[in-house]
Amino acid sequence: MKKFDAIIIGSGQGGAPLAKALAKAKWKTALIEKKFAGGTCINYGCTPTKTIISCAKTAYNVKHAKEWGINAAKHEVDIRTIMKFKNRVVNESRNGLHNSLTSTPHLTYIEGAAKFTGFKELSVELSKGGIMQLKAEKIFIDAGASPAIPAIEGLDEIKYYTSQSLLDLKEIPESLIIIGGSYIALEFGQTYSRFGSKVTILERSKDFLPKEDRDIALCIQQILETENIHIHTGVDVSGVKKSGRKISVAFTENNKTSSLSATHLLIATGRKPNTKPLDLEITNVATDERGFIKVNDKLETSANGIYAIGDVTGEPQFTHISYNDYVILKDNLLNGKNNSTQNRQVPYCMFTDPQLARTGISETEARKQKLHYKVATLSMKHVARARETNHTKGMMKAVVDADTKQILGAAIIGEEAGETIAALQMAMLGKITYTQLAEMVIAHPTYAESINNLFLPLIK
């Protein structure tokens, strides 16, 4: 049995940099990866999906080029070329990380499937054949998550797609039903609508985007519906079946039974942790009812010396959160700090077009907490840069403390909203008040300059 100072299971956006940091500190480190370096983000998440989304935006802009005075009447979408482009971007990122990991001193990169055989002991079924036995004083689980498949009658008898398998589809669906109304569902829905598919979204919640304020959710819904994306909420899907060359989906909506058919079906109903194959029960690592690993604010599990990071913990499943998990562990283990996940900022961005970006609390949350707050809103139609580029869909919204004048949260729907929200996030971190932001000198004409106009009404 090979002994290491540390073993990391999974090379995601937390596991990979952690492995390199520990190895740089001359810890004898092993990194076990079941398939591809980079985890979900590089291989099945951010990198491929945002690449395809950028292609869909180009297709949309070409189709609507007359709005900018450009005659581009004839165009077509070549999905095979788009997928080749996506694969090239993914391979560049994947191979770059793989080469970096395999060339790091004191780091052993192992390709294979790991499972626990004892406390802090692992067995790896190697991809090239054979078994390797390992043990270490510290083990870090970064096994990630994968699409969750709901129990729907008939689903196992038809061909359906997930957010992962759809990335390999080399045809444009004539029609596409998406079960689920998550950010993944909306991104894919708009993308394939722009490629030419007739898209219908079936969301179980009675509210569209239930975690957002109603004005923000309604703004996004109206934008998508303007692009002929059909959205049904309060839906309970009862069954699916093959119907000729199409798939029929039966459901109830507002207590009425209905059905729809499409050539393709996408399941986007959440994600499950990749913990079952690890045999965690051998280690006394506690999990919740869904299989996510329970951790404290230092990312420690219930088993001493075993940590968990990233999507497998059930925390917000964002790449930047996984990376922050790495930062916390690196500083605590190597730099003697006492950092934790408590009170960390959790910004996010949904890459629809326009984007929806959020940080901090919403107005709904402020109301529930009975805070003394004010709200600032601004339509993108009143943002100079948005008018100049013909990207006037969307709005900005901020929630501020009426007494301290601190920013409590913000949501932006607009062109490159994810970039603008970062400025507000930094203001929150730096305790900059909304009165300071309202009068700050910001270069004109930029989207960031809209921050002035957002807060000006609050100080008049």
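None of the figures in this text is laboratory data; all of them are computed from the coordinates on show. Because the structure is a prediction, the values reported are computed rather than measured. Neighbour counts run over all protein chains shown; Cβ positions are idealised from the backbone, glycine included.
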Under a crude label model (7 Å from the Cα following the beta-carbon direction), how far is residue 254 from residue 58 in nanometres?
4.1
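Please work out the Kirkwood hydrodynamic radius for the range 354-459, using every pair of different C-alpha atoms, and report it in angstroms with one decimal place.
Here the Kirkwood hydrodynamic radius works out to 13.6 Å.
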Cut-off 14 Å, label 7 Å out along Cα→Cβ of residue 127, residues of the range 295-309 by amide N
none
Expected-Rg normalisation [2.2 N^0.38 Å, Cα atoms] applied to the range 252-330
1.54
Amide H of residue 117: which non-local residues (sequence gap of 5 or more, or other chain) have their own amide H closer than 5 Å, using H built in the peptide plane?
122, 123
Cα centroids of the range 81-142 and the range 2-65: how far apart, whole angstrom?
11
Would you kindly derive the ³J(HN,Hα) couplings of the range 90-100 from the backbone phi angles with the Karplus curve 6.51 cos²θ - 1.76 cosθ + 1.60 (θ = phi - 60°), listing them in order in whole Hz, with x for Gly and Pro?
4, 5, 4, 5, 4, 5, x, 5, 4, 5, 5
Given R₀ = 25 Å, what would the calculated FRET efficiency be for residue 442 paired with residue 401, taking r from the Cβ atoms and rounding to 0.05?
0.65
Quick one: what do you get for the range 110-249 if you divide its Cα Rg by 2.2 N^0.38 Å?
1.43
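Just add up the charged neighbours of residue 136: K/R +1, D/E -1, any other residue whose Cβ is under 10 Å from the Cβ of residue 136.
Charge balance near residue 136 sits at +3.
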Please give the calculated 222 nm ellipticity per residue for the chain, where each DSSP H segment of at least 4 residues contributes -39500 (n - 2.57) and the sum is spread over every residue; nearest 500 deg cm²/dmol?
-9500 deg cm²/dmol
Antiparallel %, DSSP beta bridges [both residues in the chain], to 5
60
Ranked 194, 88, criterion: other C-beta atoms within 10 Å, fewest first
88, 194
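Report, for the range 26-172, the % of DSSP beta bridges that are antiparallel, rounded to 5. Each step should come with its number before you reach the end.
Numbers: 11 of 16 bridges.
Once the DSSP bridges in the range 26-172 are tallied, antiparallel ones form about 70 percent.
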Explain nothing, just the number: dipole magnitude of the range 155-269 about its Cα centre with +1 on each Lys and Arg Cβ and -1 on each Asp and Glu Cβ, in debye rounded to the nearest 20.
420
Residue 282 and residue 84 label points (each 7 Å along its Cα→Cβ direction) are spaced in nm at 4.6
Karplus 3J(HN,Hα) series, Hz, for the range 288-297 with 6.51 cos²θ - 1.76 cosθ + 1.60 (x for Gly, Pro)
8, 5, 9, x, 6, 7, 7, 9, 8, 6
For a 26 Å ceiling on Cα separation, which of these pairs sit above it: 330/397; 211/393; 115/298; 294/337; 3/24; 159/211?
330/397; 159/211
Which aspartates and glutamates does residue 57 reach when only Cα atoms under 15 Å apart count, and residues fewer than 8 places away in its own chain are ignored?
67, 76, 78, 187, 227, 353, 415, 416
Loop only by DSSP, 10 or fewer other Cβ within 10 Å of the Cβ. Give me the trypsin sites (Lys or Arg not before Pro) in the range 245-286 that pass, ordered by residue number.
245
The answer for the longest stretch of the chain without any exposed GluC sites (Glu not before Pro) (DSSP loop, at most 12 further Cβ atoms within 10 Å) is 290-460
For residue 8, other-chain or 5+-apart residues with amide H closer than 5 Å (H placed, Pro excluded) are 30, 31, 32, 140
Phi-based couplings in Hz for the range 244-250 (Karplus 6.51, -1.76, 1.60; Gly and Pro marked x)
x, 8, 10, 10, 9, 10, 9
Using C-alpha positions alone, give me the convex hull volume of the chain per residue in cubic angstrom.
176
Can you pull the one-decimal nm distance between simple spin-label points at residue 377 and residue 364, each 7 Å off the Cα toward Cβ?
1.5
